[in-house]
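Report on the structure given below.
The values are calculated or read from the model by the stated rules, or taken from the named source; none is laboratory data. Not measured: the values here are computed from a predicted model. Cβ atoms come from the backbone with ideal geometry, glycine included; neighbour counts cover every protein chain shown. Calculation scope for accessible area: heavy atoms of the full protein, side chains included, ligands and nucleic acids excluded. Shrake-Rupley method; radii C 1.70, N 1.55, O 1.52, S 1.80 Å.
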Amino acid sequence: MAVLTGKKLDKMIEEGGIGYWKADARRVAQCLYILAIANARSGITQFSSADQNKGYLLGRIAGTFRPPEHPDRLVIVISEYAEIDLPNAWPGYRNPVFYTDLETLGIDARALDWKTFPLIKRDDTANDTVQALSVVEAKLGLAKKFGVNPDQIEIIIRG
């Protein structure tokens, strides 16, 4: 999967993943990786015009969530990322999301320097011993513990 985005890594960390996309969650769940491609022409860009269409980040997809402020869109959660330099990665499609594979893009994931994608630290004003987690963070932790995909975990909260 590849997306044309105006956001750099720091903004992705702040938002909890790569978002906000109109995409089919079932189709995203079939993808292993997401390639972020620089869009210097968007209204929210953090890139210079020299970066336009450059693939700059490859992430291992861990799951998705629908943010409350944009329930019709997806944020793609990644567990790890690698910074890359892939010029002219955008094929010029009008839709900012497209589905592809690493071979087509000329990327060897095994040769990359992978880093853990940091989860947002929550404010813990109560000074409890248990850290407050988002549903996405809980799913990621449980998936890692039990060796399954985060999309295979359902969390039900009863009030």
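Here is how the numbers come out for the structure above:
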| read-out | value |
| --- | --- |
| Order of exposure, largest accessible area first, which applies to Leu58, Leu9 with probe 1.4 Å | Leu9, Leu58 |
| DSSP-loop trypsin sites (Lys or Arg not before Pro) across segment 35-64, with at most 12 other Cβ within 10 angstrom | Arg41 |
| Inter-probe distance in nm under a simple model that places probes 7 Å from Cα toward Cβ, at Leu142 and Thr100 | 3.5 nm |
| Arg73 - accessible surface, heavy atoms, 1.4 Å probe, Å² rounded to 10 | 80 Å² |
| Degrees between helix 135-146 axis and first principal axis of the chain (Cα, 0 to 90, nearest 10) | 90 degrees |
| Greater than 25 Å apart at Cα, pairs in Lys22/Lys115; Lys115/Lys145; Lys22/Lys139; Lys7/Lys115; Lys7/Lys145; Lys11/Lys145 | Lys22/Lys115; Lys7/Lys145; Lys11/Lys145 |
| Residue-span extension gain [Asn88 to Arg26] - 0.36 nm each, minus C-alpha spacing | 19.5 nm |
| Extended-chain gain in nm, criterion 0.36 nm per residue less alpha-carbon gap, Val135 and Lys8 | 43.3 nm |
| Length gained when the stretch Arg110-Ala50 is fully extended (0.36 nm per residue, less Cα-Cα span) | 18.8 nm |
| Segment 13-105: GluC sites (Glu not before Pro) in DSSP coil with no more than 10 other Cβ atoms inside 10 Å | Glu69 |
